[in-house]
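Computed from the coordinates by the stated procedures, all read-outs in this text should not be read as laboratory data. Everything numeric here is computed off the predicted structure, so don't read it as measured data. Counting neighbours? That spans all protein chains shown, and the Cβs are built from the backbone with ideal geometry, glycine included.
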Amino acid sequence: MSGDQIGTIVILVLVLIIVITVVGLVIYARKRVREFSKAMFGTPDIVKGMNQVGQEIQPPRSVSAMTRLMAPRIKADFPEMNVPEVIGRAKNVLLSYLRGVTECNVACLQEGNSELRNRLENHIGDLTSRELKERFDNPHVHQIEIADYRMENGRNIIRFQAALECMHTVRDKDGRLVNGNDQVKSQLKYNIEMIYIQDRSIVENDLDGAIAVKCPNCGAPLSMRGAHKCEYCGSPVIEVNMYAWSFSSVEEVP
């Protein structure tokens, strides 16, 4: 064997050793990265782990927190109202509405008048007509506050505002993601409205007829807030204001 052949063999051996070393280092490095990602983020996929970190850094949406200002005004008009309880009801309505969208089932809505049910039904119908599937998975309400209280068109209206975190996705009929993110939770904000019919004679939307308060004796509508006597037959009326309140709207805030 000539000197040139020996030199070539030595070079080939060295190259092979370098390749094996590099491959070994790459495999070792990938293993260490997966172990590090698993320890730090709970997943061996470091990209997914970094996305999770990005998600945690994203702060919840800010809400208009006017509860302390509005609660005394509401209590002055409706002394029997338990404000914290009503805020809890608003939270449940929001979550049940989103569950209704996810499951394409209006029956998921825990409470609300026909106006709210129609909104949910139309939302589901619109998604169905476009062959889309919208999901709100693992929703969590960070904060919910009273944002406004007003009298408008014969109604007393309480508007709640909620900061919501969830995995929000919209997919087409083939399962392709067309909106949202299936790796990072979205930070969303919603308005929820609750109404009380104070004067039915000037209420514009008759969808709320299901929540009218009537005299238990003659069946006449009780149009005045806090009425203790029927203005038609004079029969005493038990305070039922809380039963006249109804949730009418759930809308996302851009």
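The residue of the range 104-154 that is surrounded by the fewest Cβ atoms within 10 Å (Cβ to Cβ), among those that are among the hydrophobic types (A, V, I, L, M, F, W, C) and part of a strand (DSSP E or B), is 151. Among the residues of the range 136-162, those that are touching a helix residue (DSSP H, G or I) at 6+ places or on another chain (Cβ under 8 Å) and free of Cβ contacts under 8 Å to residues at least 40 places away in the same chain comprise 136, 137.
Just give me the residues in the range 62-116 being of a type in the set (Val, Ile, Thr) and over 19 Å from the mean Cα position of the chain (by Cα), in sequence order. Write out each step before concluding.
We begin by selecting, within the range 62-116, every residue of a type in the set (Val, Ile, Thr); these are 63, 67, 74, 83, 86-87, 93, 101-102, 106.
Result: 67, 74, 83.
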